[in-house]
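The values are calculated or read from the model by the stated rules, or taken from the named source; none is laboratory data. In this text the structure is predicted, and so the values were computed from the model without any measurement. Glycine gets a Cβ as well: all are built from the backbone with ideal geometry, and neighbour counts include every protein chain shown.
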């Protein structure tokens with residue numbers, strides 16, 4: 001039986017940049033002025049900071065499976081998984097987990113699994 005190192009982390013509102021064309025109208029209305037000044041440079045720094053900590057998990061090998069929540073969209077997940085792949089020399093991919101589609105549509109923040117192993121079918125809802 002193969003062992004996997006599994007971790008969970010709330011990324012505390014990992015949002016895309018201010019005025020992102022990838023943002024839902026609901027979040028645009030809800031966030032209003034909260035993302036003023038949230039630039040690509042600031043997002044990149046947050047991705048760097050998160051990645052540097054995540055890379056230390058599992059004795060500096062990074063997690064085999066990482067569950068995360070409070071992520072705005074697939075774009076910021078691509079940034080995070082690509083950064084982890086580069087830092088650790090591992091091929092991270094992600095799957096968006098949707099247990100209650102109504103809840104996701106209301107909150108517009110996702111629960112994600114980032115993994116070096118394909119463990120779930122990627123779910124996409126338009």
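Numbers below:
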| read-out | value |
| --- | --- |
| Single residue of segment 16-28 satisfying the filter (without any contact (Cβ under 8 Å) to a residue 40 or more places away in the chain and more than 15 Å from the chain's Cα centre (by Cα)) that is surrounded by the most Cβ atoms within 10 Å (Cβ to Cβ) | 18 |
| Any pair with Cβ under 7 angstrom, 6 or more apart, that starts in segment 67-84 at a residue that is touching a residue at least 60 places away in the same chain (Cβ under 8 Å) and on the phi > 0 side of the Ramachandran plot and ends at one that is crowded, with 16+ Cβ neighbours inside 10 Å and outside any strand (DSSP E or B) | 70/109 |
| Checking residue 76 against (1) at pLDDT below 90; (2) in contact with a strand residue (DSSP E or B) (Cβ under 8 Å, 6 or more places away or on another chain); (3) surrounded by 12 or more Cβ atoms within 10 Å (Cβ to Cβ); (4) over 20 Å from residue 5 (Cα atoms), the condition it does not meet | (1) |
| Matching residues in segment 29-50 - criterion: being within 19 Å of the chain's Cα centre (by Cα) and more than 12 Å from residue 79 (Cα to Cα) | 31, 35, 38, 39, 41, 42, 49 |
| Condition broken by residue 65, with the remaining ones in (1) surrounded by 11 or more Cβ atoms within 10 Å (Cβ to Cβ); (2) over 12 Å from residue 5 (Cα atoms) satisfied | (2) |
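Matching residues to (1) modelled with pLDDT of 80 or more; (2) assigned to a loop (DSSP other than H, G, I, E, B):
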| residue | (1), (2) |
| --- | --- |
| 59 | yes, no |
| 66 | yes, no |
| 96 | no, no |
| 113 | no, no |
| 120 | no, yes |
